[in-house]
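To keep things clear, I will list the structure first and then write my remarks on it.
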Amino acid sequence: MSGQLLLIDALNLIRRIYAVDSNQNKGSDEQMINTCCARVAHACEKLIKITQASHAIAVFDGDKSWRYHYYAQYKSSRAPMPTTLRNALDKFKQAIEQTGIVVFAPVNDEADDIIATLAHKMAENKLYSTIVSTDKGFLPSLNSYINVYDYFKKDYLDHASIEQRFGVEQSRLIDFWAMAGDKTNDIPGIKGIGTKTAIEIISKHTDITQATEDETLSPAVRKKLAAGMGDYITSKHLVALRTDINLGFSLKQLRLN
């Protein structure tokens, strides 16, 4: 296989387009869904051209991934998908397929893990891929073979923009989120450790467990670190994307016609 693999986080793209269209909707739900489907298909066609993709896949989420079983509170406060949108997902899948892009909807796995697995398989073979998503969880995967593209900002993300946004190097993002937590996904982090303290600790330590003995940190911070190490490990498992999912298909099947 040669060329560029386009990896679309399908629900990420659809939900953001749907949010705009539903707010501007002055007709029936059916009309709005049809318009939204057309916009999603148009976005997919644009993405094929932008990335010059030779292969492409749009991945949807399965019902319940391993994270829900590993940590019961995972995404527990997230608002459910609007019923109108949920009932129309098959229409969106058909609209994407009409652009020539393969649609994949796993039974249980999250789209993020499927996409990360595909991107890393490509990178291992020195082949290029572009992940299209606004989900920050893909940023640790960014490397010389894996690009991350924000369709709505029309921009590729890079190491400099990541460090500017989060205050830590791209290679330390997982440690940062595991310490500071991630409210959008109900990932706990270490209780009492905010983003500022997490950045300070990460700037001093490559191994977070060593920070509990760092006397330049206040006794209160060291105490929180020691007490929260279990939550840190749990959070680190949750924020790190898997790259070893059994896909059940080959990359050759993703070639664009």
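The values are calculated or read from the model by the stated rules, or taken from the named source; none is laboratory data. Please read these numbers as outputs of a predicted model, since none were measured by experiment. Neighbour counts run over all protein chains shown; Cβ positions are idealised from the backbone, glycine included. Note: areas computed on protein heavy atoms with side chains; ligands, DNA, RNA excluded. Shrake-Rupley method; radii C 1.70, N 1.55, O 1.52, S 1.80 Å.
Filtered by the rule that a residue be out of contact with any helix residue (DSSP H, G or I) (no Cβ under 7 Å at 6 or more places or on another chain) and over 15 Å from ASP175 (Cβ atoms), region 217-231 gives SER218, PRO219, ALA220, LYS223, LYS224, ALA227, GLY230. In the set (1) under 21 Å from the mean Cα position of the chain (by Cα); (2) open to solvent by less than 70 Å² (accessible area, probe 1.4 Å), the condition left unmet by ARG15 is number (2). Could you check region 225-257 and list, in sequence order, the residues that are among the polar types (S, T, N, Q), in contact (Cβ under 8 Å) with a residue 40 or more places away in the chain and either under 29 Å from TYR71 (Cβ atoms) or crowded, with 19+ Cβ neighbours inside 10 Å (or both)? Selection gives THR234, SER235, THR243. TRP177 passes every criterion in (1) open to solvent by 30 Å² or more (accessible area, probe 1.4 Å); (2) of a type outside the set (Gly, Ala, Ser); (3) assigned to a helix (DSSP H, G or I) apart from (1). Within region 186-204, the residues that satisfy the criterion of being over 15 Å from LEU217 (Cα atoms) and either in contact with an Asp or Glu (Cβ under 7 Å, 6 or more places away or on another chain) or surrounded by fewer than 16 Cβ atoms within 10 Å (Cβ to Cβ) (or both) are PRO188, GLY189, ILE190, LYS191.
Scanning region 107-139 for residues that are in contact with a Lys or Arg (Cβ under 9 Å, 6 or more places away or on another chain), in a helix (DSSP H, G or I) and open to solvent by 10 Å² or more (accessible area, probe 1.4 Å) gives ASP112, LYS136.
On the stretch given as region 44-62, residues that are assigned to a helix (DSSP H, G or I) and touching a helix residue (DSSP H, G or I) at 6+ places or on another chain (Cβ under 6 Å) total 1.
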